[in-house]
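Undergrad: Here it is, the structure, as structure tokens.
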Amino acid sequence: MGKILPTLLLFPFHFSLYKMNLLIRVDASTQIGSGHLMRCLALAQASQDTQGQPIFIMGNYVPALEERLQTEGMKFFHLTTEPGSLEDAQETAALAHQFEANWVALDGYHFGGKYQQILKQSKLNLLFIDDYGHAEHYYADLILNQNISANEQWYQHREPYTQLLLGTGYALLRQEFWQWQKWQRKLSPVAKKVLVTLGGSDPDNVTLKVIQALQLLAVEELEAVVVIGGSNPHYESLKMAVQNSRFPIRLERNVTNMPELMVWADIAISAGGSTCWELAFMGLPSIVLVLAENQRAIAAELDRQGVIINLGWHQDVTIEQIGLALQELLCQRLKGETMSKKGKKLVDGNGARRVVLKVVNMLV
């Protein structure tokens, strides 16, 4: 599942000959996080190569993420119905026809079989972005699961026409990563720079736990950058923890330069979501804490393949254990090099373009 696919026909490909008008139905919140929306942004950016205008449809207001969409030149609208309801599906279908969308992408665990069926009955092409086969039945034309743990057996209950796009060859990396495809990491002889990124919302404030663990490290000239999303409710407590740190920690919110921060860092500590594919692509040795159920299988398989160090479920890991894992990885240059190379082999950065290519080919 994790093999990189050939880039045949990706470049040059005249996407502009086949205009892809993509409507994306996705939600974000403190509970849901921002990962669904951010990977959909990667898909939307790739679809712009077809000269189409991607449109986001969201069920609730998330000002920080909406500001990001605006800076990317994306249009977005809000639903008037309950997210995930059949009325949501009907309203989404109506909007798709209103905006003359030739594809609809769904990303969220509250979109089940009946929801998909309503869109298909409305004569719409449907791409379903999934993580663990949660729907009771799949009516989508394409199912995309970018995870290393993606399993065809999860999608036995699907229509005969439904095609599967599985594995990290389809990992959706945003446009800011594309320019780094030929960049090669050179690990520092002495690692001392740590990137902390635990998702867009982090409702349990695991970020504070990691900041406390950093205080236990015995590393000279240690530095850290802590990245949080706009829907993180703990900004004030994190700001205080950073100010009281015994070494420099920079707290960054709503960053758009994540690749540059990954270049700066020697190691990272991350959640087990979509950021794993970004870290792998950038060859950054990483420690992972599992913050959501859907991250368990991903983290376990990445650890098994030697791409990351999986500490497991965040509540089961002590501050001391996090500190020890960080200390060891900072001091093990050879292990870091091995992890870096394995990550680079896993994700090549062309996933979003591959998905768009598949979609466009189905329009021809």
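The values are calculated or read from the model by the stated rules, or taken from the named source; none is laboratory data. None of these values were measured; they are calculated from a predicted model. Cβ sites come from the backbone with ideal geometry, for glycine too, and all protein chains shown count toward neighbours. Side chains included, ligands, DNA and RNA excluded: accessible areas come from the protein's heavy atoms. Shrake-Rupley method; radii C 1.70, N 1.55, O 1.52, S 1.80 Å.
Undergrad: Determine whether the stretch 154-172 contains at least one residue that is in contact with a Ser or Thr (Cβ under 9 Å, 6 or more places away or on another chain) and part of a strand (DSSP E or B).
TA: Residues of the stretch 154-172 that are in contact with a Ser or Thr (Cβ under 9 Å, 6 or more places away or on another chain), as a first pass: 155, 171-172.
This time we only want the ones that are part of a strand (DSSP E or B), so: none.
No, because not a single residue in the stretch 154-172 is in contact with a Ser or Thr (Cβ under 9 Å, 6 or more places away or on another chain) and part of a strand (DSSP E or B).
Undergrad: Please pick out the residue among Leu363, Leu311 that is touching a residue at least 24 places away in the same chain (Cβ under 8 Å), touching a strand residue (DSSP E or B) at 6+ places or on another chain (Cβ under 6 Å), open to solvent by 40 Å² or more (accessible area, probe 1.4 Å) and over 29 Å from Arg68 (Cα atoms). I'd like the intermediate steps shown before the answer.
TA: Numbers: Leu363 fails: touching a strand residue (DSSP E or B) at 6+ places or on another chain (Cβ under 6 Å).
Result: Leu311 is the single residue among Leu363, Leu311 that is touching a residue at least 24 places away in the same chain (Cβ under 8 Å), touching a strand residue (DSSP E or B) at 6+ places or on another chain (Cβ under 6 Å), open to solvent by 40 Å² or more (accessible area, probe 1.4 Å) and over 29 Å from Arg68 (Cα atoms).
Undergrad: I'm told Lys186 meets every condition in (1) surrounded by 13 or more Cβ atoms within 10 Å (Cβ to Cβ); (2) at pLDDT below 95 except one. Can you identify the failing condition by its number?
TA: (1)
Undergrad: Of everything in the stretch 222-233 that's over 22 Å from Cys276 (Cβ atoms) and either at pLDDT below 95 or not acidic (Asp, Glu) (or both), which residue is least open to solvent (accessible area, probe 1.4 Å)? Give the steps one after another, and end with the answer.
TA: Within the stretch 222-233, the first condition is being over 22 Å from Cys276 (Cβ atoms), and the residues that meet it are 222-223, 233.
Then drop every residue that is not either at pLDDT below 95 or not acidic (Asp, Glu) (or both), which leaves 222, 233.
Numbers: Leu222: 7, Pro233: 82 Å².
Checking each candidate, the answer is Leu222.
Undergrad: Take the stretch 54-74 and flag every residue that is in contact (Cβ under 8 Å) with a residue 40 or more places away in the chain and either of a type in the set (A, V, I, L, M, F, W, C) or in contact with a Phe, Trp or Tyr (Cβ under 8 Å, 6 or more places away or on another chain) (or both).
TA: Scanning the stretch 54-74 gives Ile55, Val62, Ala64, Leu65.
Undergrad: Does Leu195 satisfy being surrounded by 13 or more Cβ atoms within 10 Å (Cβ to Cβ), within 25 Å of Val355 (Cβ to Cβ) and either touching a residue at least 12 places away in the same chain (Cβ under 8 Å) or out of contact with any strand residue (DSSP E or B) (no Cβ under 8 Å at 6 or more places or on another chain) (or both)?
TA: Values: surrounded by 13 or more Cβ atoms within 10 Å (Cβ to Cβ): yes; within 25 Å of Val355 (Cβ to Cβ): no; either touching a residue at least 12 places away in the same chain (Cβ under 8 Å) or out of contact with any strand residue (DSSP E or B) (no Cβ under 8 Å at 6 or more places or on another chain) (or both): yes.
Spelling it out, it is not the case that Leu195 is surrounded by 13 or more Cβ atoms within 10 Å (Cβ to Cβ), within 25 Å of Val355 (Cβ to Cβ) and either touching a residue at least 12 places away in the same chain (Cβ under 8 Å) or out of contact with any strand residue (DSSP E or B) (no Cβ under 8 Å at 6 or more places or on another chain) (or both).
Undergrad: Looking only at the stretch 320-343, count every residue that is open to solvent by 50 Å² or more (accessible area, probe 1.4 Å) and either in contact with a helix residue (DSSP H, G or I) (Cβ under 9 Å, 6 or more places away or on another chain) or touching a residue at least 60 places away in the same chain (Cβ under 8 Å) (or both) and tell me the total.
TA: Total satisfying the criteria: 9.
Undergrad: Out of all the residues in the stretch 124-133, is one or more aromatic (Phe, Trp, Tyr), farther than 27 Å from Glu293 by Cα, within 24 Å of the chain's Cα centre (by Cα) and open to solvent by less than 40 Å² (accessible area, probe 1.4 Å)? First the steps, then the outcome.
TA: Kept after step one, since they are aromatic (Phe, Trp, Tyr), are these residues of the stretch 124-133: 128, 132.
From what's left, farther than 27 Å from Glu293 by Cα: none.
Taking every residue of the stretch 124-133 in turn, none turns out to be aromatic (Phe, Trp, Tyr), farther than 27 Å from Glu293 by Cα, within 24 Å of the chain's Cα centre (by Cα) and open to solvent by less than 40 Å² (accessible area, probe 1.4 Å).
Undergrad: Take the residues in the stretch 198-220 that are at pLDDT 95 or above and open to solvent by 40 Å² or more (accessible area, probe 1.4 Å); name whichever of them is farthest from Ala241 (Cα to Cα).
TA: Leu216
Undergrad: Glu87 - would you say it is open to solvent by 50 Å² or more (accessible area, probe 1.4 Å) and assigned to a loop (DSSP other than H, G, I, E, B)? Give the steps one after another, and end with the answer.
TA: On the way: open to solvent by 50 Å² or more (accessible area, probe 1.4 Å): yes; assigned to a loop (DSSP other than H, G, I, E, B): no.
No.
Undergrad: One residue is enough: does the stretch 343-363 have a residue meeting the conditions at pLDDT 95 or above and over 30 Å from Thr50 (Cα atoms)?
TA: Scanning the stretch 343-363 turns up no residue that is at pLDDT 95 or above and over 30 Å from Thr50 (Cα atoms).
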